[in-house]
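The values are calculated or read from the model by the stated rules, or taken from the named source; none is laboratory data. Predicted, not measured: the structure shown is a model, and the values here were computed from it. Because the Cβ atoms are built from the backbone with ideal geometry, glycine has one as well, and the counts that use them run over all protein chains shown. Areas reflect the complete protein model, heavy atoms only, side chains present, ligands, DNA and RNA absent. Shrake-Rupley method; radii C 1.70, N 1.55, O 1.52, S 1.80 Å.
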Amino acid sequence: MAAAAPADATLVLRDVAKSFGAVAALRSGSLVVESGSIHALIGENGAGKSTMVKIIAGLYRRDSGVFRLDGEEVDFTSTADSKAAGVAVIYQEPTLFPDLTVAENIFVGRQPLSRLGLIDRRRMREEARELFARLGVPIDPDRLAEGLSIADQQIIEIAKAISLDARLLVMDEPTAALSGVEVERLFGVARSLRDRGAGIVFISHRFEEVFDLCDTLTVMRDGAYVSTHRTDEVTVDQIVKEMVGRSIEALFPKEVAPIGEAVLEVEGLERGGVFHDISFQVRSGEIVALAGLVGAGRSEVARAVFGVDAYDSGSVRMNGADVAPRSPQAAIAAGMAFVPEDRRKQGLVMELSVARNLTLTLRSQVSRFGLINNRAEARAADDWSRRLQVKTGSPQHAAATMSGGNQQKVVLAKWLATDPTLLIVDEPTRGIDIGTKSEVHRLLSDLAGRGVAIVMISSELPEVLGMADRVLVMHEGRITAELSRAEATPERVMHAATASTEETVA
Amino acid sequence: MPVAVALVTLIVVTWLINDQFLSAQSVKDLMLNATILVILATAQAVVLITRNVDLSVGAILGMVAFSVGAFFEAAPQAPVAVIFVVGMLLGGLLGAVNGALVTVAKVPALVITLGTMYAFRGILSTWAGSKQYFSGDNPASFGRLSVETVLGLPIITLIALAVLAVVAVYLAFRRPGRDLYAIGSDPDAAKLFGIRVQARVLLAFTACGALTGLAGVLYASRYNSVGALTGSGLELDVVAAAVVGGVAISGGVGTVVGAGLGAVLLSTITSSLTATRVDKFWQQAIVGVLILAAVVVDRVTAIRRANKLRVSEARDD
């Protein structure tokens with residue numbers, strides 16, 4: 001089902017696969033980019049776009065499939081290889097060296113040399129200045145990269161790519177941090193590169209940009225190729241359908257639970273440059289999903305609510321009482337529990353036993369005279385692993401030995417043992433196999449049934465639609481839509497997350 | 001550069017208190033005392049810039065210095081130039097061991113080189129036992145390197161300055177030298193960029209070892225005796241000199257010229273405290289204060305920059 005590859009294609013990827021252990025990040029990726037054209041690559045988070053970019057960049061090696069550049073079979077083992085082959089990649093996050101000057105950041109590894117073989121700093125500076133003149137930005141080549149705004153950093157990445165004279169340029173969401181003028185400038189550069197015969201891959205969640213800039217587009221879903229279209233022959237609705245086309249019924253739906261009083265009230269929460277004017281309520285028995293794209297500011301809001309990060313203004317109230325900012329202890333005392341996204345780093349002590357991890361939050365209940373009673377600990381751990389059906393070789397094994405799903409259950413158990421009235425879960429099923437996924441969903445549903453208020457951050461649309469009573473969609477630090485369960489369709493959520501059209505609600 | 005200002009101030013103040021401080025003989029002693037630390041600080045700076053550290057330099061220096069004695073005992077007629085080659089090769093080999101362990105094991109260099117520091121020192125102790133070599137055992141022409149002067153500068157000091165100049169030019173004007181800064185500035189970005197991080201870090205440790213080997217050879221020329229304990233504890237003085245000279249322990253920042261000045265400053269403090277009859281105890285305390293001052297200055301600038309960044313980002317919205 002892969003697209004046909006014409007002879008003059010700059011890049012051909014066909015049926016490319018890449019797995020990490022048991023997790024298939026890319027099942028069957030295909031992409032054909034013709035020279036002198038701009039090709040958009042679109043899909044939900046987790047569709048496999050970034051994995052594909054990393055394979056093109058030489059950061060990952062594919063497990064199988066065809067990878068050709070200008071008709072030649074290639075197999076990059078490092079980013080140096082791909083660069084030598086004429087591939088330039090602009091990543092979502094600028095990757096500059098803060099302690100080096102702007103000019104040097106552009107030319108590291110290929111600085112112009114004088115006849116003595118020494119770096120010719122003056123020429124390097126002048127070449128940098130010429131690049132910036134071409135881009136129409138007044139950046140001083142002699143200043144350190146440290147302290148540059150994200151937009152300026154992105155411009156430097158672009159200057160880097162231009163100076164490489166790449167035949168294939170990959171831009172992974174380059175516009176996420178740019179303002180309108182800067183985006184226009186970037187597009188101007190991209191078009192001039194195209195007119196000189198380069199192939200360009202453009203990844204973006206903003207449809208209007210895709211249609212404005214690109215000649216063709218490829219849709220991906222769940223690690224596989226879906227379709228390729230000319231941008232003048234397709235509509236946004238059609239693409240959105242292809243992006244999300246997946247059955248929601250396969251997942252565990254939330255059971256109906258009586259919804260009670262407001263538990264959490266967030267009012268006008270603001271943090272400069274991160275999120276703005278965030279207000280919402282969560283009532284007991286209710287699951288509220290925070291949907292949106294990666295980087296929309298969802299985790300940052302959760303961390304601020306739980307007191308891990310500071311906020312500039314606004315308020316957080318639990319059961320009507322203000323919760324002190326910047327204090328997870330105050331949040332826990334007020335009845336909050338927080339299951340972070342990265343459970344390996346933030347949720348579990350991987351080296352400790354399963355039992356120890358389970359009882360970390362129960363110290364006072366399992367200890368006597370300030371010392372932990374091993375027998376009480378084992379009893380509490382047993383009790384919780386049974387209730388959540390944690391599957392582990394032995395409660396004495398290190399947490400690192402469990403599967404992702406069981407680790408997540410242990411993290412959940414750890415917090416449930418504190419009897420919270422509000423549970424915040426960030427990407428509760430990321431990296432968890434389908435079977436365990438529905439168990440985690442059942443657990444969340446149970447909790448809601450027992451009157452716990454739940455805030456669930458999720459990038460997976462089926463999970464959001466299946467589990468949430470209400471969906472708040474965030475885009476670039478703001479809540480762009482609030483949808484009830486009945487209103488929430490994949491298309492509406494996606495539109496609000498990309499802020500693409502009229503669907504946005506104040 | 002603040003460290004240069006501190007150095008000049010120190011010399012002037014000491015001279016005002018004791019005008020013998022800048023007599024010809026005293027200046028020569030100052031230079032001789034600083035020479036070895038300058039080379040070591042230069043070597044250490046190369047590694048620090050890559051966001052690594054080498055704590056085994058004291059042990060490497062001891063090992064090489066003792067080998068010099070052993071070498072001249074075995075081959076008293078050998079030309080002096082040969083021992084420089086041997087010393088730098090031995091040092092380079094030990095440095096390469098550090099570099100290989102750091103790049104392969106992916107364990108922080110602090111831990112690796114703490115381990116090799118004890119290992120190298122242990123090997124030296126086993127080899128040397130209670131044996132010592134004295135300067136009288138070496139060829140006279142070797143000892144003269146630390147006595148004779150050219151244009152008023154001792155020969156070993158000239159060697160140190162030459163080394164400093166070469167390394168300074170390499171770091172500032174050669175592509176691999178710049179790579180070292182890039183790696184120390186952001187190792188992940190360096191990898192993403194296609195810089196051969198492992199090869200460069202190995203190079204930095206090997207260079208550090210070779211230069212430390214050179215310092216070991218000069219140590220044997222300069223000082224009266226070498227034995228199992230030669231160079232013990234020197235590694236901390238060396239790191240201190242580099243840090244005081246503006247080389248950031250977090251990598252990516254600093255120059256070998258700065259590190260060299262830091263070394264001169266630290267060794268001059270000892271002399272000037274003696275010249276002004278201040279209790280020797282104060283030397284260490286003052287060195288400590290200098291290090292803290294250097295770190296605080298570093299930290300304050302970093303925080304200022306970070307704040308600026310956040311504000312400029314917020315403004316972009």
Handout entry: 19 Å cut-off, amide nitrogen to a point 7 angstrom out along A:Ala333 Cα→Cβ, residues in segment A:265-289
Key = A:265
Handout entry: Principal semi-axes in Å for segment B:165-278 [√(5λ), Cα gyration tensor, largest first]
Key = 31, 17, 12
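What Kirkwood hydrodynamic radius do you get for segment B:150-232 when you take the inverse of the mean 1/r over all pairs of distinct Cα atoms, in Å?
Values: mean 1/r = 0.0665 Å⁻¹.
After inverting the pairwise mean of 1/r, the radius is 15.0 Å.
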Exercise for the section: Might you report the magnitude of the Cβ-based charge dipole of the protein assembly as shown about its Cα centre, with Lys and Arg at +1 and Asp and Glu at -1, to the nearest 20 debye? Expected result: 2560 debye
Handout entry: Value of [θ]222 nm, deg cm²/dmol, for chain A, DSSP H segments ≥ 4, -39500 (n - 2.57) each, nearest 500
Key = -9500 deg cm²/dmol
Practice task
Can you tell me the dipole magnitude for chain B around its Cα centre, using point charges on the Cβ only (Lys, Arg +1; Asp, Glu -1), in Debye to the nearest 20?
Solution key: 520 debye
Handout entry: Residues of type aspartates and glutamates that A:Lys254 reaches as a straight line, Cα spacing below 12 Å, ignoring anything fewer than 8 places off in the same chain
Key = A:Glu286, A:Glu439, A:Asp446, A:Glu463, A:Asp469
Handout entry: Structure-based [θ]222 nm, chain B - -39500 (n - 2.57) summed over DSSP H runs of at least 4, per residue, nearest 500
Key = -26000 deg cm²/dmol
Completion exercise
Quick tally, 1.4 Å probe accessible area for B:Leu30, B:Leu202, sorted with the most first, runs B:Leu202, B:Leu30
Practice task
Would you please report the Å³ per residue occupied by the convex hull of the alpha carbon atoms in segment A:78-152?
Solution key: 120 Å³
Completion exercise
Expected integer from the mean partner chain Cβ neighbour count at 10 Å over A:146-158 is 3
Problem - Range of Cα positions in segment A:277-417 per principal axis (Å), largest first - result: 47, 37, 27
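Could you tell me what a quarter of the Cα convex hull surface of segment B:2-316 works out to, in nm² with one decimal place?
Its average projected convex-hull area is 18.3 nm².
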Exercise for the section: Calculate the mean, over all residues of peptide A:91-104, of how many other protein chain Cβ atoms lie within 10 angstrom of the residue's Cβ. Expected result: 4
Practice task
Check the straight Cα-Cα distances from A:Lys241 and name the lysines below 18 Å, setting aside those fewer than 8 residues away within the same chain.
Solution key: A:Lys49
Completion exercise
Among B:Val86, A:Gln111, A:Met318, the residue whose Cα sits farthest towards the positive end of the charge dipole of the protein assembly as shown (+1 at Cβ of Lys and Arg, -1 at Cβ of Asp and Glu, taken about the Cα centre) is B:Val86
Exercise for the section: Positive end of the charge dipole of segment B:2-316 (Lys, Arg +1 and Asp, Glu -1 on Cβ, about the Cα centre): tell me which of B:Thr157, B:Thr50, B:Gly95 has its Cα farthest that way. Expected result: B:Thr50
Handout entry: Span from the segment B:68-99 Cα centroid across to the segment A:95-166 one, whole angstrom
Key = 43 Å
Practice task
Please give, to one decimal in nm, the separation of the simple spin-label points placed at A:Ala310 and A:Leu118, each 7 Å out from Cα toward the Cβ.
Solution key: 4.6 nm
Practice task
Could you tell me what percent of the accessible area of segment B:2-316 is made up of carbon and sulfur, with a 1.4 Å probe and every protein chain present?
Solution key: 68 percent
Completion exercise
The farthest towards the positive end of the charge dipole of the protein assembly as shown, of the residues A:Gly335, B:Phe134, A:Trp415, given +1 on Cβ of Lys and Arg and -1 on Cβ of Asp and Glu, is B:Phe134
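First measure r as the distance between the Cβ atoms of B:Ala4 and A:Leu360, then evaluate 1/(1 + (r/R0)^6) with R0 = 51 Å and state the FRET efficiency to the nearest 0.05.
Once rounded, the FRET efficiency stands at 0.45.
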Exercise for the section: Determine by what factor the alpha-carbon radius of gyration of segment B:1-99 differs from 2.2 N^0.38 Å, reporting the quotient. Expected result: 1.43
Exercise for the section: Wrap a convex hull around the Cα atoms of segment A:347-419, take a quarter of its surface area, and give that in square nanometres. Expected result: 4.3 nm²
Completion exercise
One would report the Cα pair-distance distribution of segment A:117-186, bin width 10 Å, in %, as 18, 50, 28, 4, 0
Exercise for the section: Sort out for me the Cα centre separation of segment A:377-430 from segment B:208-274, rounded to whole Å. Expected result: 53 Å
Problem - Percentage relative contact order, segment A:56-155, counting C-alpha pairs under 8 Å, at least six apart - result: 25 percent
Exercise for the section: Evaluate peptide B:183-194: per residue, the Cβ atoms of other protein chains within 10 Å of its Cβ; return the mean as an integer. Expected result: 6
Problem - Net charge dipole size for segment A:347-419 [Lys, Arg +1 and Asp, Glu -1 on Cβ; Debye, nearest 20] - result: 120 debye
Exercise for the section: Sticking to Cα atoms, compute the Rg of chain A to one decimal and its Dmax as the biggest Cα-Cα distance, whole number, in Å. Expected result: 25.0, 79
